[in-house]
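K.L.:
Questions regarding the structure given below will be posed in turn.
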Amino acid sequence: MAKVTIDDITIEVPDGTTILQAARMIDEKYGTHTAPPTMCYYSKLKTTGGYCRTCIVSVTQGSEKDPRPMPKPVASCRTNVMDGMVVKNNTSPELLEARAGVVEFLLINHPLDCPVCDQAGECHLQDLSYENGDEGSRFQFPKRVYEPIDIGDKVKLNMNRCIMCYRCVKVCDQITDNRVHGMLYRGADSEISTYIEKAIDNDFSGNVIDVCPVGALTDRTFRFKSRVWFTKPVDAHRNCETEGCTGKVRLWFKGDDVLRVTSRKDQWGEAESFICNTCRFEKKNANDWVMEGPSKISHHSVINQNHYELQQIKLGIKRQIKHLTGVKIDLGEGALNPNNIQK
Ligand code: SF4
Ligand code: FES
């Protein structure tokens, strides 16, 4: 076991735990928000993480035995804890500034087409830039532009929006039958390849839509039917006969119509379990399902009322205080939420 302190909270975790997993354990145990954001790590898929750098943290003490700090921020999803390690995430203004730089990089080639993007409202990059980014960009060159591609009859690929997180590649590699993973070209020319097209016949290929953190892979059966915040998410299940599918899904209703079916997302925005294409694309009738009740929406989601306005006010105040005093102030969770009545 190893003792690690993250943002002044100490926890004991098994050896081999990453800093990110330890931070998530702290949040689950104490209801705090110490876990750094992630754009490429996905706990349900192997070998994810290490691509996007959103989850960087500052290690101010390497371990009990060797207390030297690590010289630069490290990717918490790929760095294991050591006994006596001390880590700063939200409590380090320098680290938050570095993360804002990462967000700026991620947005370099990402179009600002949220008003017409189907993922708006549940896009992790949208949330990330609101919560961790700075306004404006220093990038003055033309962005990469691709024509949208239909990958089979159910999935649409908008390469313009891809942030190269490799999650869809891992899905195709790990939960579909054939080894069809791949990214074409290198560096600024990288693009998700037609390898995915080969996976589209597989029962589980629709999961690329759920793992994509942005609007690069979207559901063609749902596109432009409704903004996500006008739909009502309800948890439901059915007896699915596809091997490996739990049949536990989230239905998105508009009135009495099921507009789309997705996997259920946990508090980290990850699918609780992967679902098959039959459940996802062919069961759009409410009678196909046993209803369980309204879905619990994560605090990260813009579907949560007041999420954006209050986040922006809170960030603005924090930045002002930081500029004036050089000290980062923690206003406390929900401090500005008018629904949080002090008792
Ligand atoms: S298409 Fe989506 S899931 Fe695939 S690499 Fe790009 S951003 Fe990631
Ligand atoms: S989430 Fe750790 S590098 Fe992307």
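The values are calculated or read from the model by the stated rules, or taken from the named source; none is laboratory data. The structure presented is a predicted model; accordingly, all values stated were derived computationally and were not measured. Using ideal geometry, Cβ is built from the backbone for each residue, glycine included, and neighbour counts are taken over all protein chains shown.
K.L.:
Any idea which of Asp177, Asp150, Asp173 is at pLDDT below 90, away from ligand 2 (no atom under 16 Å from the Cβ), buried (at least 16 other Cβ atoms within 10 Å of the Cβ) and among the charged types (D, E, K, R)? Can you show your working first?
P.N.:
On the way: Asp177 fails: buried (at least 16 other Cβ atoms within 10 Å of the Cβ); Asp150 fails: buried (at least 16 other Cβ atoms within 10 Å of the Cβ).
Selected residue: Asp173, the only one of Asp177, Asp150, Asp173 that is at pLDDT below 90, away from ligand 2 (no atom under 16 Å from the Cβ), buried (at least 16 other Cβ atoms within 10 Å of the Cβ) and among the charged types (D, E, K, R).
K.L.:
Still on this structure: Is it the case that Arg144 is of a type in the set (Lys, Arg), surrounded by 16 or more Cβ atoms within 10 Å (Cβ to Cβ), in a loop (DSSP other than H, G, I, E, B) and more than 12 Å from ligand 2 (Cβ to nearest atom)? Give the steps one after another, and end with the answer.
P.N.:
Details: of a type in the set (Lys, Arg): yes; surrounded by 16 or more Cβ atoms within 10 Å (Cβ to Cβ): yes; in a loop (DSSP other than H, G, I, E, B): yes; more than 12 Å from ligand 2 (Cβ to nearest atom): yes.
Yes: the conditions hold for Arg144.
K.L.:
Kindly indicate which of Ile108, Ile9 is of a type outside the set (Phe, Trp, Tyr), out of contact with any strand residue (DSSP E or B) (no Cβ under 7 Å at 6 or more places or on another chain) and at pLDDT 95 or above.
P.N.:
Values: Ile108 fails: at pLDDT 95 or above.
Criteria check complete, one pass: Ile9.
K.L.:
So if I check each of Glu122, Glu104, Glu131, which one is closer than 23 Å to Thr34 by Cα and assigned to a loop (DSSP other than H, G, I, E, B)? Spell out the reasoning first.
P.N.:
On the way: Glu104 fails: assigned to a loop (DSSP other than H, G, I, E, B); Glu131 fails: assigned to a loop (DSSP other than H, G, I, E, B).
After ruling out the rest, the residue left standing is Glu122.
K.L.:
Restricting the stretch 274-296 to residues that are in a loop (DSSP other than H, G, I, E, B) and surrounded by fewer than 15 Cβ atoms within 10 Å (Cβ to Cβ), which is nearest to the chain's Cα centre (by Cα)?
P.N.:
Applying the first criterion (in a loop (DSSP other than H, G, I, E, B)) to the stretch 274-296 yields 274-276, 283-285, 289, 295-296.
Okay, now just the ones that are also surrounded by fewer than 15 Cβ atoms within 10 Å (Cβ to Cβ), so 285, 296.
Details: Asn285: 29, Lys296: 17 Å.
Once the filter is applied, the top-ranked residue is Lys296.
K.L.:
Which residue out of Arg24, Arg53, Arg78 is outside the structural domain of Lys265 (by TED's automatic domain parsing), more than 16 Å from ligand 1 (Cβ to nearest atom), among the charged types (D, E, K, R) and in a loop (DSSP other than H, G, I, E, B)? Can you show your working first?
P.N.:
On the way: Arg24 fails: in a loop (DSSP other than H, G, I, E, B); Arg53 fails: more than 16 Å from ligand 1 (Cβ to nearest atom).
Going through Arg24, Arg53, Arg78 in turn, the sole match is Arg78.
K.L.:
Being touching a helix residue (DSSP H, G or I) at 6+ places or on another chain (Cβ under 7 Å) and either over 17 Å from Arg53 (Cβ atoms) or without any contact (Cβ under 8 Å) to a residue 24 or more places away in the chain (or both) is the filter here; which residues of the stretch 91-116 pass it?
P.N.:
Pro93, Pro111, Cys114
K.L.:
So, one more: Within the stretch 52-71, how many residues are away from ligand 2 (no atom under 14 Å from the Cβ), of a type in the set (Lys, Arg) and within 24 Å of the chain's Cα centre (by Cα)?
P.N.:
0
K.L.:
Hey, can you tell me all the residues within the stretch 247-267 that are crowded, with 17+ Cβ neighbours inside 10 Å and closer than 23 Å to Ile175 by Cα?
P.N.:
Within the stretch 247-267, Gly247, Lys248, Val249, Arg250, Leu251, Arg260, Val261, Thr262, Ser263, Arg264, Lys265 qualify.
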